[in-house]
Amino acid sequence: MKRIIVGTAGHIDHGKTSLVKALTGVNTDRWKEEQERGITIDIGFADLTVGDVHFGFVDVPGHERFVKNMLAGAHGIDLVMLVVAADESVMPQTREHFDICRLLEVKAGLIVITKTDLVEEEFADLVEAEVREFVAGSFLAEAPVVRVSARSGQGIEELKRTLATLAARVQLRDDEAVARLPIDRVFTIKGFGTVVTGTLIAGQIQAGDELELLPADGRRTRARSLQVHGQTTQTARAGERTAINVQGLEVAEITRGQVLVPAGRLQATSMLDVRLQLLPSAPRTLRSRARVHLHLGTAEVLARVVLLGQSELAAGGSCFAQLRLEAPVLALPGDHFIVRSYSPTITIGGGVVVDALPRKHRWRDGAQVVAQLGNLRAADEHERIALLIEMAGEHGLTHAHIAARSGAPDAVIKQAAEAALKARRAVAVTSTPLFLLARTAFDELAKQVRAQLKTFHQKQPLAAGMGREEIREKIFAHLAPEIFRAVIAQLAERNEVVAEKDLLRLATHRVALSAEEQAAKDHLADVFARAGLQPMSLEDAIAQAAPQFGIDQQRAQRFAQMLINSGELVRVAELIFHRQALEALRPTLQQYKAQHGAKLDVGAFKDLTGISRKYAIPLLEYLDRQRVTRRVGDAREIL
């Protein structure tokens, strides 16, 4: 069955609530005050099935004081019924409500002329002509007009048929999108607990689903049970009026304007990049940093409008802007919003969200940001994800970030990622979980690594390479560690950089020593070779080697480091041994094992090597790490 949300729009006392009651039999004025005063104060709901179409009606207040309530109900409608009373014709709230529908880009609807029993047919003809003139050039320009009387029932059946005809042309909402339920009511039912209601604007929610309340510091809940249009169900789908019995949340914790979404999927935001349209009827120019009332979904928050690339916006104009909110909301690209002036509170414009999780923009970046937002607005879903990755620059985007920023389901993210990788617009920093970096940013980081190594080699030609951690600190300190590892791995794969233990060097770099320097280096290695297993400090060895060849202490230390980097010398804790001495220890231990068994205590090891306990312990620990021995209690086992 097709599910369609129909919203009313029109001036106070033009018969919107009576019309819905005549269609559905439901009085949407549920408050005692509404019934006593005869005016609608808050949004009301009713439903009707016509053939294979189920209509959910959202009845909105017409009084100017309650436009903010009207806006809370107008966000999720598929069709609008523009209601005009035959005895009054177009009135101020008719105009404001119609402006709101256009700004929200409602795609379809019809015109209903009510109270036709109060006027002659000729007068009704004049009203219809005036309404036709009023909607000329809009989405209702060719819309059907139905004349009704809620009191007598005249035209009600024709209205039902017309709604069914229009419903057949309405594009269904996406059941596969990420679910979002903007909350418009919250109350308690005895024996059940807290219940929230709203129009499910995308996706599906099933009984038992884990949900998150945003914005609300990540409070999580579970859908204990569901009702759609008053009927218990296991699944609520996009386009349905939905009530959810939520687990573990009190009424006081929930307010209109919050949204229920799948747990851990989306993020609230305090900034929005938008395309802003000012109404031609706006009373004054909108200046950058003006304070406004923002209406988005069922939420209302105060915001500052920062115009991008210009300082003011004239009535009837449009531009890109950043809205800086005084309280967070949940939004996704493509969401429509309304702005009303701070004082007096009147509707002055609206627009569409382009980027729901932007960075704070600087004035001097205006032209670049405007160009980026123009591309984002024109992009399809796959291209938008590719652009978001590029806009993230060297920080990249994880799957979670892409999901929160785009609102796209997993299947779309996967397809967009594959397309970006195939087109070489992105690099996979990691595949599981998915972490993408723009190719341009990746290449720039690789360029910086090469430049840093080149400078290092020029300054220290005798050094085997630059410390891996030093490069990370200089270039990647503010980035995720996965990015550093991915850049170095690709440079190594392309044979541009060589990674040796904790050092990095350009593949073209070679340490070139003079004959004298090579002799000094060889002599230093020989000093340690002659020492065997008798520990010698690096300082003592350098003191022996350096004077003989006239090499200063600093250069001798570099030679020592070169020997350690090449593996000819081995550092064991604070001790240094020649590798030959350590290799010679292996057959010595095997011979001991053959003669005395595998067990080896510290005393026996001291006797075997001739070294003191102070040096025996770190050497045994080294042998444990090399899997030559294994510690068993206070002794060792020779492997």
First in segment 159-177 and closer than 19 Å to GLN204 by Cα and charged (D, E, K, R), second anywhere and assigned to a helix (DSSP H, G or I) and modelled with pLDDT of 85 or more, Cβ under 9 Å, 6 or more apart:
GLU176/ALA411; GLU176/VAL412
Hey, could you check segment 433-466 for residues that are modelled with pLDDT under 90 and surrounded by fewer than 14 Cβ atoms within 10 Å (Cβ to Cβ) and say which is nearest to ARG510 (Cα to Cα)?
PRO461
Just wondering, is there one or more residues in segment 296-304 that are of a type in the set (S, T, N, Q), surrounded by 20 or more Cβ atoms within 10 Å (Cβ to Cβ) and not assigned by TED's automatic domain parsing to the domain that holds ARG102?
yes
Scan ILE551, ILE564 and give me the residue that is touching a helix residue (DSSP H, G or I) at 6+ places or on another chain (Cβ under 7 Å), under 30 Å from LEU503 (Cβ atoms) and at pLDDT below 85.
ILE551
Could you list, ordered by first residue, the pairs with Cβ atoms under 7 Å in which the first is in segment 208-222 and outside any strand (DSSP E or B) and the second is of a type in the set (Val, Ile, Thr), at least 6 apart or interchain?
PRO215/VAL329
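Residues are listed down the side, and each one gets a yes or a no for (1) in the same structural domain as LEU276 (by TED's automatic domain parsing); (2) part of a loop (DSSP other than H, G, I, E, B); (3) buried (at least 16 other Cβ atoms within 10 Å of the Cβ); (4) touching a Ser or Thr at 6+ places or on another chain (Cβ under 7 Å):
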{"residue": "VAL84", "(1), (2), (3), (4)": "no, no, yes, yes"}
{"residue": "THR94", "(1), (2), (3), (4)": "no, no, yes, no"}
{"residue": "VAL106", "(1), (2), (3), (4)": "no, yes, yes, no"}
{"residue": "ALA124", "(1), (2), (3), (4)": "no, no, yes, yes"}
{"residue": "ARG132", "(1), (2), (3), (4)": "no, no, no, no"}
{"residue": "GLY137", "(1), (2), (3), (4)": "no, yes, no, no"}
{"residue": "ALA141", "(1), (2), (3), (4)": "no, yes, no, no"}
{"residue": "GLY153", "(1), (2), (3), (4)": "no, yes, no, no"}
{"residue": "THR162", "(1), (2), (3), (4)": "no, no, yes, no"}
When segment 415-450 is checked residue by residue, the ones that are within 30 Å of ILE201 (Cα to Cα) and in contact with a helix residue (DSSP H, G or I) (Cβ under 9 Å, 6 or more places away or on another chain) are GLN415, ALA416, ALA417, ALA419, ALA420, PRO433, LEU434, PHE435, LEU436
More than 22 Å from ALA525 (Cα to Cα), within 54 Å of the chain's Cα centre (by Cα) and in a strand (DSSP E or B): does that describe ARG627?
no
Would you please name the residue that is surrounded by the fewest Cβ atoms within 10 Å (Cβ to Cβ), looking only at residues in segment 311-346 that are of a type in the set (Phe, Trp, Tyr) and out of contact with any helix residue (DSSP H, G or I) (no Cβ under 6 Å at 6 or more places or on another chain)?
TYR342
Expected output for segment 447-461 (first residue on the phi > 0 side of the Ramachandran plot and assigned by TED's automatic domain parsing to the domain that holds ARG555, partner surrounded by fewer than 11 Cβ atoms within 10 Å (Cβ to Cβ) and modelled with pLDDT of 85 or more, Cβ below 6 Å, 6+ apart or cross-chain) is none
Residue list for segment 563-591, filter: crowded, with 17+ Cβ neighbours inside 10 Å and over 56 Å from the mean Cα position of the chain (by Cα)
ALA581, LEU585, LEU589
When GLY73 is evaluated against the numbered criteria (1) modelled with pLDDT under 85; (2) touching a Phe, Trp or Tyr at 6+ places or on another chain (Cβ under 9 Å); (3) outside any helix (DSSP H, G or I), which criterion, by number, is the only one it fails?
(3)
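The values are calculated or read from the model by the stated rules, or taken from the named source; none is laboratory data. Everything numeric here is computed off the predicted structure, so don't read it as measured data. FYI the Cβ positions are ideal-geometry reconstructions off the backbone, even for glycines, and counts take in every protein chain you see.
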